[in-house]
1. Under unit Cβ charges (Lys, Arg +1; Asp, Glu -1), what dipole magnitude, rounded to 20 debye, does the range 363-429 have relative to its Cα centre?
2. Taking amide hydrogens as modeled 1.01 Å from N in the peptide plane, which residues meet the under 5 Å criterion relative to residue 301, leaving out close sequence neighbours?
3. Can you work out the Karplus-derived ³J(HN,Hα) for every residue in the range 225-241? Use 6.51 cos²θ - 1.76 cosθ + 1.60 with θ = phi - 60°, whole Hz, and x for glycine or proline.
4. Nearest 10 degrees, 0 to 90: what angle lies between the long axis of helix 360-372 and the longest principal axis of the chain (Cα atoms)?
5. Going down the table (47/347; 241/385; 53/120; 263/297; 127/335), which pairs top 28 Å between alpha carbons?
6. Compute the long axis of helix 399-414 from its Cα atoms, compare it with the longest principal axis of the Cα atoms of the chain, and write down the angle in degrees, 0 to 90, nearest 10.
7. With Cβ to Cβ distances under 12 Å as the rule, what net charge do the other residues near residue 64 carry (K, R +1; D, E -1)?
8. Summing -39500 (n - 2.57) over the DSSP H runs of n ≥ 4 in the chain and dividing by its residue number, what mean residue ellipticity at 222 nm do you reach, to the nearest 500 deg cm²/dmol?
Amino acid sequence: MTPLTKMLLAASFVAGNPAQGATEINYWLWDSNQQPSYQACADAFEKENPDIKIKITQTGWFDYWNALNTAFVSGTAPDVFWDHLSRYPEFIDNSLLVDLAPLIARDKVPTDVYVGGLVKVWGRNGKQYGLPKDWDTIGIVYNRAMLEKAGVDPKSLWDLNWNPKDGGTFGELLAKLSVDESGKNGLDPNFNPKAIKQYGLLLNGLADGLGHEEWANFAASMGWNYSEAPWATHFNYDDPKLVATIQWFAELSLRKGFIVPAKDARQAQATGLFAAQKGALALTGSWLVHWFTENCKFLIGFAPLPQGPVGRRSVINGLADSIWVGSKHQEEAWKWVKFLASPEAQKIVASYGIVFPAIPEAAEISEKQMALRGVDVSAFVDEAKAPGGTFFLPISEHSSDVVRILRANFDSIFLNGEDPGQKLEASNREINALFK
């Protein structure tokens with residue numbers, strides 16, 4: 001090795017750049033908003049581990065899962081990838097994920113540093129398939145000017161109540177904020193639901209099968225849940241509480257004109273419709289706060305979900321990093337996963353103020369960063385902290401089949417106007433038969 005080569009090699013280590021021949025770890029994620037923060041994590045990791053190079057690939061949510069499943073089949077899957085609670089059961093059914101439990105025990109990695117409950121839902125039968133990276137809850141984003149024009153105080157959104165019989169004060173608010181092309185709102189008997197200029201509420205389409213950002217939270221506020229516990233073999237999609245919730249959403253969407261119809265929401269999603277000022281309110285996840293603040297050229301704010309008959313309820317979800325069992329560099333992949341689960345990495349993510357990391361002290365940093373930009377996200381934080389105020393998405397075997405069945409039946413309800421009771425009963429019967 002010549003003196004010049006030695007000097008260049010040394011310089012690459014000093015700069016935190018891996019030398020030629022370093023092990024490359026392919027890392028996949030789906031959120032472009034978060035990619036810069038994870039690149040910062042990769043830079044810090046490579047500085048500490050110059051023999052490892054992290055290659056980040058970002059693919060949008062709708063294409064991400066197809067690409068990942070194709071990569072599993074072709075044997076070209078990433079070493080490490082973002083994983084979702086509703087997806088990973090199918091991966092472990094097909095023996096695609098590395099069990100992290102022995103590595104956690106070997107390296108004495110603390111697992112009691114995360115927001116309560118998130119570690120447990122990423123494990124089964126003593127095995128662990130991910131360490132929590134963040135958490136999110138569901139709330140409301142509102143257009144301040146539209147509220148002001150309707151004479152609505154934004155503070156009043158914190159005290160809304162809801163029920164499926166008359167909609168409560170939340171239903172009344174949606175009527176007040178829905179405006180037809182002649183300027184009449186939904187409280188006016190001459191309001192025209194077939195010619196809407198401004199919807200009271202925007203949604204993503206209502207038919208994703210899980211109702212994550214939408215109907216699930218409202219049904220839960222009546223005492224409903226998908227199932228009794230994670231890994232259940234019986235679901236409750238025929239529960240009268242859910243049926244009543246879906247009937248309410250369908251009525252306001254298909255007939256009253258207060259909620260954007262699913263067929264229109266499919267095209268632009270709640271984000272695009274809200275940014276285009278097609279509605280006064282939208283239901284959204286905390287992971288989209290940054291998107292709304294960056295893309296809405298008007299004043300906005302965030303509020304919690306309305307309280308239902310048994311209180312306010314929000315889905316709480318948490319992502320994790322999983323290691324593909326086919327990775328040829330599992331030890332290096334584990335080093336990366338372990339780093340991402342650490343306070344050091346989660347504080348780096350927090351410094352970008354986009355999501356709430358799973359370690360509470362890091363989540364507080366993120367909340368403060370958002371506040372420095374003038375964004376009050378206390379609605380999402382308060383929901384996460386409320387005792388009994390959150391519940392998990394369904395975690396079970398046959399997850400892809402469950403979602404497929406639900407989507408077809410929810411399409412029948414929200415696109416074709418079919419009877420919710422009949423369709424949900426049929427869905428539940430078909431889903432529960434998967435476990436027999």
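Nothing in this text is a laboratory measurement; each read-out follows from the coordinates by a stated rule. These figures come from a predicted structure and were not determined experimentally. Heads up, the Cβs are rebuilt from the backbone with ideal geometry, glycines too, and the neighbour counts pull from every protein chain shown.
1. 120 debye
2. Amide H neighbours of residue 301: 142, 144.
3. 8, 3, 7, 6, 6, x, 6, 5, 10, 9, 10, 10, 6, 9, 4, x, 5
4. Compared with the principal axis, the helix lies near 60 degrees.
5. 53/120, as the Cα separations exceed 28 Å there.
6. With both axes taken from Cα atoms, the answer is about 30 degrees.
7. -2
8. The helix contribution divided over the chain gives -12000 deg cm²/dmol.
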